Structure formats: C-alpha cells, structure tokens
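Q: Quick one: the structure is below, and I'll ask about it shortly.
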C-alpha cells in the first residue's frame, strides 16, 4: 500500500533547502527524500556540521532565492525554526512560517501562498518533518479573490517604511 501523503508530482518543483548546525542532520534526510519524490533540490548550506555557524548565513540566501523566483519552494531549518522564520520573513516576496503540524502546512499554501516552510531540527523528528514537507509541497494556492486581496495588503506592508523611520 502506498503512502497517502506521498508526493507524486505532475510537474516536479525546484525546492531550496538550508540549515544551520541545529537542522543539519534533518536537512540531509529531507533533501534525499525530496529528490526521491522527483523534485529538484538546491542546497543553500550549511554543507558541513559547524557548531558555531549562524542561521542567517544560510537562510538568507535561500529566502532570496525563493523571493527572486530561483526556486519555487523553500525549506529552512534551524534548531527551533524560530530563527529561520525571522530571517526568511525579512525578504520581500517570501511568505514564510514556522510549521509543526500538517493543517498549517497545507492551509498556509492554499490560503496564504506560503512559499517557505521553517522547521525546528531539534523540535520535529524526521518522520514528522517529512510528513510536513510532503503536505507543503503537494499543496497549491487556491487563488481565491479574498486571499489575493489579503496578500496584496501583506505586499504593501513590505514596501512601506516602519513608523518613525527616516
């Protein structure tokens, strides 16, 4: 019997992935599974387990690749997923969220056009992470008018300076 959540892409996606030391092991597990599912994977690092590395150094380039359309979806992993989420959310065009359950992994894409998922390598185990990634990659934005309207408001916030900024 096949896994009901298995990704059987009609059109393979280009998926970027990045992790610091806190998500390094999980990154390699997920990258292999994503490739096995038929998607292209671009690895934005870290390429070695370095305990003193900094998540912005890897999540930043990944987020820029997602925001710039170089990859269709992104997966960012640090120890908790919080730091990865902070960095990814700073890049225009990136709709990133820390996700630990499948409802948000699916609904975030369908309603909010989520294009980068953040995971905690020390919080979510490999089996649960793979389930989240499968749901995230299989979901598609609904394109409903109310969701497009909301996303336009989010995009407007990206281009507006903070209150009190020069």
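Conditions tested, residue by residue: (1) touching a strand residue (DSSP E or B) at 6+ places or on another chain (Cβ under 8 Å); (2) surrounded by 24 or more Cβ atoms within 10 Å (Cβ to Cβ); (3) at pLDDT 95 or above; (4) closer than 17 Å to residue 130 by Cα.
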| site | (1), (2), (3), (4) |
| --- | --- |
| 74 | yes, yes, yes, yes |
| 79 | yes, no, yes, yes |
| 82 | yes, no, yes, no |
| 94 | yes, no, yes, no |
| 108 | yes, no, yes, yes |
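Q: Could you check how many residues of the range 134-148 are part of a helix (DSSP H, G or I) and surrounded by 10 or more Cβ atoms within 10 Å (Cβ to Cβ)? Let's see the steps before the verdict.
A: Here is the first cut: in the range 134-148, the residues part of a helix (DSSP H, G or I) are 134-138, 145-148.
Okay, now just the ones that are also surrounded by 10 or more Cβ atoms within 10 Å (Cβ to Cβ), so 134-138, 147-148.
Matching residues across the range 134-148 total 7.
Yes/no per residue for (1) outside any loop (DSSP other than H, G, I, E, B); (2) over 30 Å from residue 156 (Cβ atoms); (3) touching a residue at least 60 places away in the same chain (Cβ under 8 Å); (4) more than 14 Å from the chain's Cα centre (by Cα):
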| residue | (1), (2), (3), (4) |
| --- | --- |
| 15 | yes, no, yes, no |
| 26 | yes, yes, yes, no |
| 30 | yes, yes, yes, no |
| 34 | yes, yes, yes, no |
| 41 | yes, yes, no, no |
| 50 | no, yes, no, yes |
| 62 | yes, no, no, no |
| 65 | yes, no, no, no |
| 92 | no, no, yes, yes |
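Q: Those residues that are over 13 Å from the mean Cα position of the chain (by Cα) and either under 18 Å from residue 47 (Cβ atoms) or assigned to a helix (DSSP H, G or I) (or both), I need them from the range 94-111; list them, please.
A: Step one: list which residues in the range 94-111 are over 13 Å from the mean Cα position of the chain (by Cα), which gives 101-103, 107, 110-111.
Within the range 94-111, 102, 103, 107, 110, 111 meet the criteria.
Q: Taking the condition out of contact with any strand residue (DSSP E or B) (no Cβ under 7 Å at 6 or more places or on another chain), in contact (Cβ under 8 Å) with a residue 12 or more places away in the chain and in a helix (DSSP H, G or I), does residue 87 pass?
A: Working: out of contact with any strand residue (DSSP E or B) (no Cβ under 7 Å at 6 or more places or on another chain): yes; in contact (Cβ under 8 Å) with a residue 12 or more places away in the chain: yes; in a helix (DSSP H, G or I): yes.
So residue 87 passes the test.
Q: Would you check if there is a residue in the range 111-130 being over 30 Å from residue 25 (Cα atoms) and at pLDDT 95 or above? Full working, then the answer.
A: Step one: filter the range 111-130 for residues over 30 Å from residue 25 (Cα atoms), giving 111.
Going one step further and asking which of them are at pLDDT 95 or above, we end up with 111.
Looking through the range 111-130, at least one residue is over 30 Å from residue 25 (Cα atoms) and at pLDDT 95 or above.
Q: From the list 156, 139, 152, 129, which one is without any contact (Cβ under 8 Å) to a residue 40 or more places away in the chain and in contact with a helix residue (DSSP H, G or I) (Cβ under 8 Å, 6 or more places away or on another chain)? Quick ask: steps written out before the conclusion?
A: Details: 156 fails: in contact with a helix residue (DSSP H, G or I) (Cβ under 8 Å, 6 or more places away or on another chain); 152 fails: in contact with a helix residue (DSSP H, G or I) (Cβ under 8 Å, 6 or more places away or on another chain); 129 fails: without any contact (Cβ under 8 Å) to a residue 40 or more places away in the chain.
That would be 139, the only listed residue that is without any contact (Cβ under 8 Å) to a residue 40 or more places away in the chain and in contact with a helix residue (DSSP H, G or I) (Cβ under 8 Å, 6 or more places away or on another chain).
The values are calculated or read from the model by the stated rules, or taken from the named source; none is laboratory data. Predicted model only: the values in this text are computed from it and were never measured. Quick reminder, even Gly has a Cβ in these numbers, built from the backbone with ideal geometry, and neighbours come from all protein chains shown.
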